[in-house]
Amino acid sequence: MIKLTLKDGSVLEVAENTLAIDAVKSLSQGLAKAALAVKLDEQVTDLFTPLTSDCTFTVLTGTDDEGLRTLRHTASHVLAQAVKKLYPEAKLAIGPAIDNGFYYDFDTEETFDAESLRLIEKEMKRIVDQNHKLERFTLPREEAIALMREKGEDYKVELIEDLPDEATLSFYKQGDFVDLCAGPHAPSTGKVKAFKLLSATGAYWRGDAKNKMLRRIYGTAYTKQEELAAHLEQLEEAKRRDHNKLGRELELFTTSELIGQGLPILLPKGSKIIQTLQRFVEDEEARRGWQLTKTPYMAKRELYKVSGHWDHYRDGMFVMGDPDAEGEVFALRPMTCPFQYQAYLNRARSYRDLPLRYNETSTLFRNESSGEMHGLIRVRQFTISEGHLMCTPEQLEEEFKNCLELAIYMLKTLGLYEDVSYRFSQWDPTDTEKYIGTPEQWDEAQGMMERILNHLEIPYKIGIGEAAFYGPKLDIQIKNVHGKEDTLITIQIDQMLAELFGMEYTDSDGEKKNPYIIHRTSIGCYERTLALLIEKYAGAFPVWLAPVQAKILPISDRQMDYAYEVKAALEEIGVRVEVDTRNEKIGYKIREAQMEKVPYMLVVGDKECEDKTIAVRKRGFGDQGAIAIDEFKATIAEDIKTRVIW
């Protein structure tokens, strides 16, 4: 007998080699019906897996992330089977489950359009209704290659040939369809009860632009139709909030093929939001003891050689000319740290100078691949609220805490704090060529950061291999409306670059020492932050950020002079205000202002002119009645000063 430790701590004893599904049935027939997979210790596996040793035993259903991922993986195989049925010449590439769904890549001349997806869905439903059991079997490497060659699946052959000679390959069979796959899978195709194909696009084989462009179909799947319906509604809402669409409609930014991909143009309204954010950030950083620097956009390769960027980041840099040529070669900066280090090296430093905090509104350049770029979230030129702090070991924790408090203050002010999570990004000790420094130095740096994060009670997850090449970091993560996670703010500990650049200070004992360095952003990349704010507020920005904070709507030309009097009065206190001078009905003007997401609409007619008032309409709250100009000035001034969110 073997012992299975259940979620509640109780123990179930079963005979050795009992199938996992039979163990589940002994717990509950209802649970067995809902089960999609099981988790043995930390390994997710099929329900038909024999149980061979004592372990923790967790039953996974559609309510568990891992169970849902298993279902979606099975849905991707149902998709592949349907495509092969309808388009026999199509060759299979890969088809994983992903966050919120699944996809499969095919090599085919077929261009999948809306009608194609409808036909594929229909065939998938037929496969689901047939309720094929998913049967796992294994083959030695050579037999696996022979099987895939016989089926004409060239991409599967390539994948197998990349594996060691002694490898044993697993396959899954459902009806007459067989696919190379590590699993796990749901027990049968009938479990895929609620699914939808969402889109079709192109994707390079293995994500490499040098390889062939394949056809990718995206979909999603749930165990219940109502869950699918809720998700599809969420997708529609995401489309409505998508900054790439909304930002263009609101005339915040645009792009030009003549300028190039990943190089957006901020229009006046978008530029005004960025300017407002930048002034807010720089003023707040100055209040907290940060000193502003202004450094060049480019440097000789020798600077990047000292920092390590030339060896570890050159593919992500824009280099001017042949990087291996003799003489001077320049590159645009991908980050500011080696530049600000030169400011530190401007003169000799004492422990009395530390902590020394340099901040900069830095324009940076990174050669992102075309497939990675998206609107304002990932671009090739961007501006960041960057800073580098040099301190003694004794000052490190307090200064790290201060950097984190600054970031949290920014997030709360913007209304983004509830949307973020924390990742402790560490090095990958199995791939040391990606990093500078010794294992001992990395252990020391990561140990320090771990102690600091635990002491500050930061609820982080660990990201192996996500560290910078010179040190570990705390990444503050956020998802866009489509569920894609990106880093918004980073705080990094670095004990290596100071030594490489010869940065020293004289300590109280008279000894020369290298300072510790904290790399940090306070609000992150301004373009990415703007994108997230567009999506967060669906373009209806808080008053202090709105590019137009109030719009004056005269009912007729008779009120035009008074409208401009109101405009001048508001501009005196710094309000961003416009007058709608068009010869249109007032209802049309109000609807237009609502479409533009203006916080305050100020209607003026004959009565308002006579009484020296304005009829105020507040976004989201409707008609507020007629009030005196001075009263409204006090209201909007308070909204801006307190950065209120409503």
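The condition of being at pLDDT 95 or above, surrounded by 12 or more Cβ atoms within 10 Å (Cβ to Cβ), closer than 16 Å to V548 by Cα and out of contact with any helix residue (DSSP H, G or I) (no Cβ under 6 Å at 6 or more places or on another chain) holds for only one of A637, A626, that being A637.
Applying the selection to region 331-376, what residues are touching a helix residue (DSSP H, G or I) at 6+ places or on another chain (Cβ under 9 Å) and either small (G, A, S) or on the phi > 0 side of the Ramachandran plot (or both)? Matches in region 331-376: A331, S362, S369, G371, G375.
Of the numbered criteria (1) in contact (Cβ under 8 Å) with a residue 40 or more places away in the chain; (2) surrounded by 15 or more Cβ atoms within 10 Å (Cβ to Cβ); (3) under 15 Å from H519 (Cα atoms), the one M317 fails is (3). Only one of the listed residues (L389, L354, L376) is within 19 Å of the chain's Cα centre (by Cα) and at pLDDT 95 or above. That residue is L376. With the requirement that a residue be in a strand (DSSP E or B) and either of a type in the set (F, W, Y) or more than 25 Å from R582 (Cβ to Cβ) (or both), what does region 600-624 give you? Passing the criteria: only Y600. Within region 385-414, if we keep just the residues that are touching a Leu at 6+ places or on another chain (Cβ under 6 Å) and in a strand (DSSP E or B), the residue that is surrounded by the fewest Cβ atoms within 10 Å (Cβ to Cβ) turns out to be C391.
On the given criteria, is L71 under 14 Å from A37 (Cα atoms), without any contact (Cβ under 8 Å) to a residue 60 or more places away in the chain and either among the hydroxyl-bearing types (S, T, Y) or crowded, with 24+ Cβ neighbours inside 10 Å (or both)? For L71, the condition - under 14 Å from A37 (Cα atoms), without any contact (Cβ under 8 Å) to a residue 60 or more places away in the chain and either among the hydroxyl-bearing types (S, T, Y) or crowded, with 24+ Cβ neighbours inside 10 Å (or both) - is not met. Of the residues L27, L117, L36, L31, which is of a type outside the set (D, E), touching a residue at least 60 places away in the same chain (Cβ under 8 Å) and not assigned by TED's automatic domain parsing to the domain that holds K196? Going through L27, L117, L36, L31 in turn, the sole match is L36.
Could you list, in sequence order, all residues of region 257-278 that are among the small types (G, A, S) and in contact (Cβ under 8 Å) with a residue 60 or more places away in the chain? Break it down stepwise before answering.
First pass over region 257-278, keeping only residues among the small types (G, A, S): 260, 262, 270-271.
Across region 257-278, the qualifying residues are G260, G262, G270.
Give the residues of region 240-270 that are assigned to a loop (DSSP other than H, G, I, E, B) and surrounded by fewer than 18 Cβ atoms within 10 Å (Cβ to Cβ), sorted by residue number. Those that are assigned to a loop (DSSP other than H, G, I, E, B) and surrounded by fewer than 18 Cβ atoms within 10 Å (Cβ to Cβ): E251, T255, S256, E257, L258, I259, G260, Q261, L263, L267. State whether one or more residues within region 284-293 are within 26 Å of S369 (Cβ to Cβ) and assigned to a strand (DSSP E or B). For region 284-293, residues within 26 Å of S369 (Cβ to Cβ) and assigned to a strand (DSSP E or B): absent.
Number of residues in region 517-573 that are farther than 14 Å from I478 by Cβ, touching a His at 6+ places or on another chain (Cβ under 9 Å) and surrounded by fewer than 24 Cβ atoms within 10 Å (Cβ to Cβ) equals 2. For the structure I just gave you, tell me whether L47 is in a loop (DSSP other than H, G, I, E, B) and at pLDDT 95 or above. Criteria met by L47. Consider region 5-35 and keep the residues that are in contact with a helix residue (DSSP H, G or I) (Cβ under 6 Å, 6 or more places away or on another chain) and not in a helix (DSSP H, G or I). The one that is nearest to H185 (Cα to Cα) is A35.
Say whether the condition of being part of a helix (DSSP H, G or I), within 23 Å of A445 (Cβ to Cβ) and in the same structural domain as G465 (by TED's automatic domain parsing) is met by at least one residue in region 356-372.
Restricting attention to region 356-372, the residues satisfying the condition of being part of a helix (DSSP H, G or I) are none.
No, every residue in region 356-372 fails to be part of a helix (DSSP H, G or I), within 23 Å of A445 (Cβ to Cβ) and in the same structural domain as G465 (by TED's automatic domain parsing).
Give region 630-646 a look and list any residue that's assigned to a helix (DSSP H, G or I) and of a type in the set (D, E, K, R), or say none.
Step one: list which residues in region 630-646 are assigned to a helix (DSSP H, G or I), which gives 630-642.
Within region 630-646, D630, E631, K633, E638, D639, K641 qualify.
Kindly indicate which of E440, E485, E457, E511 is exposed (fewer than 13 other Cβ atoms within 10 Å of the Cβ), modelled with pLDDT under 95 and over 18 Å from I408 (Cβ atoms). If you could, list the steps in order and put the result at the bottom.
Working: E485 fails: exposed (fewer than 13 other Cβ atoms within 10 Å of the Cβ); E457 fails: over 18 Å from I408 (Cβ atoms); E511 fails: modelled with pLDDT under 95.
Every option except E440 fails the conditions.
In this entry, L60 passes the filter for residues that are closer than 13 Å to K7 by Cβ, crowded, with 23+ Cβ neighbours inside 10 Å and within 28 Å of the chain's Cα centre (by Cα). Scanning region 492-508 for residues that are of a type in the set (S, T, N, Q) and either closer than 16 Å to G437 by Cβ or crowded, with 19+ Cβ neighbours inside 10 Å (or both) yields Q492, Q495.
Check whether at least one residue in region 199-208 is free of Cβ contacts under 8 Å to residues at least 12 places away in the same chain and under 30 Å from L71 (Cα atoms), and report yes or no. Yes.
Out of region 481-502, which residues are touching a strand residue (DSSP E or B) at 6+ places or on another chain (Cβ under 7 Å) and either part of a loop (DSSP other than H, G, I, E, B) or among the hydrophobic types (A, V, I, L, M, F, W, C) (or both)? Before you say what the answer is, go through the steps one by one.
Narrowing region 481-502 to residues touching a strand residue (DSSP E or B) at 6+ places or on another chain (Cβ under 7 Å): 485-498.
Within region 481-502, L488, I489, I491, I493, Q495, M496, L497, A498 qualify.
In region 424-435, how many residues are within 14 Å of G471 (Cα to Cα) and not in a helix (DSSP H, G or I)? Result for region 424-435: 7.
Please specify each residue of region 1-18 satisfying the condition of being out of contact with any Lys or Arg (no Cβ under 9 Å at 6 or more places or on another chain) and in contact (Cβ under 8 Å) with a residue 12 or more places away in the chain.
Narrowing region 1-18 to residues out of contact with any Lys or Arg (no Cβ under 9 Å at 6 or more places or on another chain): 1-10, 15-18.
Of everything in region 1-18, those that are out of contact with any Lys or Arg (no Cβ under 9 Å at 6 or more places or on another chain) and in contact (Cβ under 8 Å) with a residue 12 or more places away in the chain turn out to be M1, I2, K3, L4, T5, L6, K7, A15, E16, N17, T18.
Consider E110 carefully, then state whether it is assigned by TED's automatic domain parsing to the domain that holds L198 and in contact with a strand residue (DSSP E or B) (Cβ under 6 Å, 6 or more places away or on another chain).
Values: assigned by TED's automatic domain parsing to the domain that holds L198: yes; in contact with a strand residue (DSSP E or B) (Cβ under 6 Å, 6 or more places away or on another chain): no.
Considered against the rule, which asks whether it is assigned by TED's automatic domain parsing to the domain that holds L198 and in contact with a strand residue (DSSP E or B) (Cβ under 6 Å, 6 or more places away or on another chain), E110 comes out as no.
Note on region 250-299: among residues that are over 25 Å from the mean Cα position of the chain (by Cα) and small (G, A, S), the one that is nearest to L414 (Cα to Cα) is A286.
The values are calculated or read from the model by the stated rules, or taken from the named source; none is laboratory data. All figures in this text were calculated on a predicted structure; none of them were measured in a lab. FYI the Cβ positions are ideal-geometry reconstructions off the backbone, even for glycines, and counts take in every protein chain you see.
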